[in-house]
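Below: the structure, in structure tokens.
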Amino acid sequence: MTVEAPASHLRENPFEIARQQLRAVGETFGIDGDLVEVLSECKKAVEVSIPARMDDGSVAVFRGYRVTHNIARGPSKGGIRYHPDVTLDEVKALAMWMTWKCALMGIPFGGAKGGVVCDPKTLSKRELERMTRRYTTEIINEIGPERDIPAPDVGTNAQVMAWIFDTYSMNKGHSVLGVVTGKPLLIGGSLGREEATARGGLYILRDALAKKGMACPDARIAIQGFGNVGSYLARFLTQDGATIVALSDSSGGLYNPKGIDVAAAAAHKGETGALAGFRGADPITNEELLELECDVVAPCALEQVIHGGNADRVKARIVLEGSNGPTTPEADEILEDAGVLVLPDVLANAGGVVVSYFEWVQGLQEYFWKEHEVNAKLNEIVTRAFNETWETHERRGVSMRLAAYGLGVQRVADATTTRGLYP
Ligand code: NAD
């Protein structure tokens, strides 16, 4: 049985969107056209076939990808996605965004991404393990601590990273801590990594609210997606005093204008596997969630959920992009004209890769930091990136997205020029 991708959630080709954004940055920031050409391609894209034994004895054949966009500033870094809709162009777009994100954060990595076309919810733990170990083996010559370092993304977690770490290490004959980040704490993970993407988003949102004369206790917030990013974000914002008026996962959304008890909703999801059916709020659709009366909407699930067809109905004043690529370029223009502040993915969700960088450094040194050190260093890096982006946004009169991508692309372009074109 070959596992085929179903009809996709993607409305547009994400790699074309990523390239369109790069061209816009090139024009606005006066980046050499030849360099833009170089950067609009991925350095390497590997497609692999992954046969894996199912529990009933049959063999399923999955399709997997690993893409490196750029390594001008260091080894490539990026998550691995397990989702039925994964395509090569989606992985390429995500890899390119990782390059700009790492450069914007000033951490010494290029961009990469990986994905397997599968529905992890329908696989048993043993099937998932066999598939992951075979995928790792198929890409074993592409990854490594000095080469390309995977991490979790949609549909993958610390357990999947543990299997990748173990498979790679077994093949090398010794434990290689730096091959993957987002590992469980027991085997070389970093304190604060699991929560890091949401924590980074919290720091960015605090800074943005302050620019608008607000703080978390004044804010009414709707969050789409209740996985790693969305669920921790909801918890942190609640702790900060914000009112979470809506939550959602793939089963649908929940709305309570008085505020949702996030811990109770998480407990319900823990028991039943879905947010749907939680009694402390009314059911809404994922589409309705994005259009609610609130101050902040935070897409934390999949790409292209805010598009030309619904952007003019977004009522929030701030969009916090916890997910990668949730806003299409057409929607970006509509939101900008309407005065909505979009905090772009490369800034808003960079906390994950920043603490992944810390995990990689700790693993290489075999010396592990305290959680408050991790969080303080994370805050320093993302706050600096926010301030640089805000300053560029104001000085040049461009959107936060153009400012953030511009800073990232410029740094990669400078590194490429300084290294020179080989041979
Ligand atoms: P996850 O798999 O932990 O959670 C994804 C969530 O989205 C789940 O709650 C799922 O039910 C929900 N979802 C799936 N399809 C949906 C749909 N059609 N409508 C609404 N909700 C839907 O994934 P994650 O790690 O939280 O990643 C979410 C986003 O954040 C992705 O874009 C990812 O690239 C990005 N991101 C993740 C990290 C990280 O460290 N995990 C870092 C940076 C960016």
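Laboratory data are not the source of any read-out in this text; all were calculated from the coordinates shown. As the structure is a prediction and not an experimental result, all values here were calculated from the model. Cβ: placed from backbone, ideal geometry, glycine included. Neighbour counts: every protein chain shown.
Under 5 Å from the amide H of GLY79 lie the amide H atoms of GLY114, ALA151, each residue being 5 or more positions distant or on a separate chain, with H modelled from the backbone and absent for Pro and chain starts. Phi angles of segment 196-213 translate, via the Karplus equation with coefficients 6.51, -1.76, 1.60 and θ = phi - 60°, into HN-Hα couplings of 4, 5, 5, 5, x, x, 4, 4, 5, 5, 4, 5, 5, 4, 4, 5, 9, x Hz per residue; Gly and Pro are given as x. Residue-wise HN-Hα couplings along segment 297-306, as the Karplus relation 6.51 cos²θ - 1.76 cosθ + 1.60 with θ = phi - 60° gives them from phi, are 10, 10, x, 10, 10, 10, 6, 6, 7, 9 Hz; Gly and Pro carry x.
If the limit is 30 Å between Cα atoms, which of LYS183/LYS258; LYS92/LYS121; LYS113/LYS315; LYS183/LYS211 go over it? Please report the intermediate quantities before stating the final value.
Numbers: LYS183/LYS258 37 Å; LYS92/LYS121 24 Å; LYS113/LYS315 33 Å; LYS183/LYS211 36 Å.
Listed pairs above 30 Å: LYS183/LYS258; LYS113/LYS315; LYS183/LYS211.
Based on a Kirkwood Rh over C-alpha pairs, give the Stokes-Einstein translational diffusion coefficient of segment 196-343 at 10 °C and viscosity 1.306 mPa s in µm²/s. Mind showing how you got there, number by number?
Numbers: Rh = 14.9 Å.
Value of D from the Cα-based Kirkwood radius: 107 µm²/s.
HIS174 to GLN365: FRET efficiency via 1/(1 + (r/R0)^6), r the Cβ-Cβ distance, R0 22 Å, to the nearest 0.05?
On the way: r = 16 Å, r/R0 = 0.74.
Rounded to the nearest 0.05, the efficiency is 0.85.
If R0 is 41 Å, the Cβ-Cβ spacing of LEU421 and ARG126 corresponds to a FRET efficiency of close to 0.30. Each other residue within a Cβ distance under 12 Å of ASP148 adds +1 if Lys or Arg and -1 if Asp or Glu, for a net charge of +4. Taking amide hydrogens as placed 1.01 Å from N in the peptide plane, the amide H of VAL342 sits under 5 Å from those of VAL319, MET400, each at least 5 positions away in sequence or on another chain.
Need one number: % antiparallel among DSSP beta bridges in segment 196-343, to the nearest 5. Close to 30 percent. Which percent, nearest 5, of DSSP beta bridges in the chain are antiparallel? In the chain, DSSP labels about 45 percent of beta bridges as antiparallel.
Computed 3J(HN,Hα) for segment 359-371, one whole-Hz value per residue from the Karplus formula 6.51 cos²θ - 1.76 cosθ + 1.60 where θ = phi - 60°, is 5, 4, 4, 4, x, 5, 8, 6, 9, 10, 8, 7, 4, glycine and proline marked x. For segment 270-423, a/c is not less than 1.5, where a ≥ b ≥ c are the root eigenvalues of the C-alpha gyration tensor, and a/b does not top b/c. That puts it in the oblate class. Say R0 is 25 Å: what FRET efficiency, to the nearest 0.05, do ALA267 and ALA338 get from their beta-carbon distance? According to the calculation, E is roughly 0.10. Here is the list for segment 283-340: GluC sites (Glu not before Pro) lying in DSSP coil, each with at most 10 other C-beta atoms within 10 angstrom of its C-beta, are GLU293.
If you take the C-alpha gyration tensor of the chain, multiply each eigenvalue by 5 and take the square root, what semi-axes do you get, largest first, in whole Å? Write down the numbers at each step before the final one.
On the way: eigenvalues 180, 147, 89 Å².
Listed largest to smallest, the semi-axes of the chain are 30, 27, 21 Å.
Tell me the relative contact order for the chain as a rounded percent, counting alpha carbon contacts under 8 Å between residues six or more apart.
16
Taking label positions 7 Å along the Cα-Cβ direction at both ASP119 and LYS377, the computed distance is 4.1 nm, reported to one decimal.
Our note on the geometry: Cα centres of segment 368-423 and segment 244-262, 33 Å apart.
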